[in-house]
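What follows is one structure encoded as structure tokens, with my remarks underneath.
The values are calculated or read from the model by the stated rules, or taken from the named source; none is laboratory data. The structure presented is a predicted model; accordingly, all values stated were derived computationally and were not measured. Here Cβ is always computed from backbone atoms with ideal geometry, including for glycine, and neighbour counts include all displayed protein chains. In case anyone asks, the SASA skips ligands and DNA or RNA and just uses the protein heavy atoms, side chains included. Shrake-Rupley method; radii C 1.70, N 1.55, O 1.52, S 1.80 Å.
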Amino acid sequence: MTDTQAIISEDAIHGPRRVVKSGDTRYTLLGTAHVSRASAEEVRTLIRSGEFDAVAIELCQSRYQSLINPNALADQDLFQIFRQGKAGMVAASLALGAFQQRVAEQSGIEPGAEMRAAVNESRDADLPLLLIDREVGTTLKRVYANVPWWQRMGLITGLLGSLLSRQQVSSEDIERLKQGDVLESTFNEFAEQSEALYTPLIAERDRYMALRLVEENPRDLYRNVLVVIGAGHLKGLSGHLEQPLPQAPATEREQLEATPQRGRWWKVVPWLITALVLIGFAIGFSRDSELGWQLIGEWFLINGVLSGLGAVIALAHPLTVVATFFAAPLTSLNPTIGAGFVAAGVELALRKPKVRDFAQLRHDVADVKGWWRNRVSRTLLVFILATVGSAAGTWIAGLRIAGKLFG
């Protein structure tokens, strides 16, 4: 794509905007706040002007489905979510949504209003709607994999901070969000200081959206495209569009969609821990049967108590707590199944989420107490906290075994 030029405009009325001429297509990039009444109104005004023949938005397919169907999670099998190891991603997505929801409730406008306006207005005007952002789950996985392990706790802290903070947000503060991206806003402190975080969170998505625009607009099919994005992507995306882009961008786009795989070592570690624990039991019995039974007793007690405590903190059903207590010592010796999976399965059987839980999920998770009140989010907490408790129990019990044998 050649013959590019950019025009930039920003004033007190309009949000930041750039116009990029690339080939025969004119892209109008509108920087918005993801929670802003002014941004939503500006999107409506621009689409109703009749100036555009297509609208592109900063949404992936899953976020688009959540926008048009807020109860989409109700159509999924929660048990399968746990089985496929997606519980952490779902919880992280809900935490990010909680940040938006909290700001939205203070501003009196629903999160994603500007995207919803773009969807509705493009449909009413019979304009093609182009989804150009990368899947949020892929982005979070690449963020997690890209930062050093010692910074990962900061990511969790950022998510928790977005939940725990109850500071009131003024309309002026909301408009200032036009200077950033909603994901970046959540991890703001770390995004500013860490290139490792900024790259997958912002820079990769800038490039990805440029590639998607090329894919969705072959041979300059559309001549005037409105691109609705968070203002944090304005500079990066326009920069990519101003440069020649590949005519067949699928290969590079697939590279940006790839989920980093753990090395073989991480797959071996759980089995190695199991082998060491079993060897410890064997050594204990070889020395003294009483010592062997003592090691097994401590393994079961420490694992069971800590994993069960996680379930208690999540306010799990009493029978779930009991099941977790007995399951954790056994699942810790079997890397193919986790204590959290057992705990969540029992919790789902005893307290199956109801329709109203799914309907109220977005609003409930905006408040810390709501995570425990809603059966869907509480089951996620049961899974996560029981898993954390079991992991802690494995290491603590394992070190105690080693201490008794070799101390």
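With contacts defined as alpha carbon pairs under 8 Å and 6 or more residues apart, what's the relative contact order of region 298-343 in percent? Once normalised by length, the contact order is 40 percent.
Specify whether the C-alpha gyration tensor of region 337-384 places it in the rounded, prolate or oblate class, a ≥ b ≥ c being the square roots of the eigenvalues: rounded for a/c under 1.5, otherwise prolate if a/b is larger than b/c and oblate if not. Because a/c hits 1.5 or more and a/b fails to exceed b/c, region 337-384 counts as oblate. Over region 245-387, accessible surface divided per residue gives 54 Å², non-protein components excluded, 1.4 Å probe.
Annotation: amide H-H contacts under 5 Å for residue 33 (H modelled 1.01 Å from N, sequence separation of 5 or more, or interchain): 39.
Per-residue SASA remark: residue 240, around 50 Å² accessible (1.4 Å probe; ligands, DNA and RNA not included).
Straight-line reach from residue 354: taking Cα to Cα under 24 Å and skipping same-chain neighbours fewer than 8 places apart, the lysines in range are 86, 369. Exposure check, 1.4 Å probe, all protein chains in place: residue 354 carries approximately 90 Å² of accessible surface. Placing a label point 7 Å from the Cα of residue 19 along the Cα-to-Cβ direction, the residues of region 50-65 whose backbone N falls under 16 Å from that point are 50-54. Size estimate for region 219-272 follows the Kirkwood approach: the inverse of mean 1/r over distinct Cα pairs works out to 15.3 Å.
Highest average first, the peptides 131-138, 218-225, 342-349, 85-92 ordered by how many other beta carbon atoms sit within 10 Å of their residues are 342-349, 131-138, 85-92, 218-225.
Please work out the FRET efficiency for the pair residue 84 and residue 247, using the Cβ-Cβ distance as r and a Förster radius of 35 Å; give the result to the nearest 0.05. With a Förster radius of 35 Å, E is 0.45.
Roughly how many debye, to the nearest 20, is the charge dipole of region 254-330 about its Cα centre, given +1 on each Lys and Arg Cβ, -1 on each Asp and Glu Cβ, and no other charges? With only Lys, Arg, Asp and Glu charged at Cβ, the dipole is about 120 debye.
The solvent-accessible area of residue 276, taken with every protein chain present and a 1.4 Å probe, is close to 110 Å².
Taking 28, 336 and ordering them by how much accessible surface each has at a 1.4 Å probe, largest first, produces 336, 28. Would region 225-357 count as rounded, prolate or oblate if I go by the C-alpha gyration tensor, calling it rounded below 1.5 in a/c and otherwise prolate when a/b exceeds b/c, oblate otherwise? Note, shape of region 225-357 comes out oblate.
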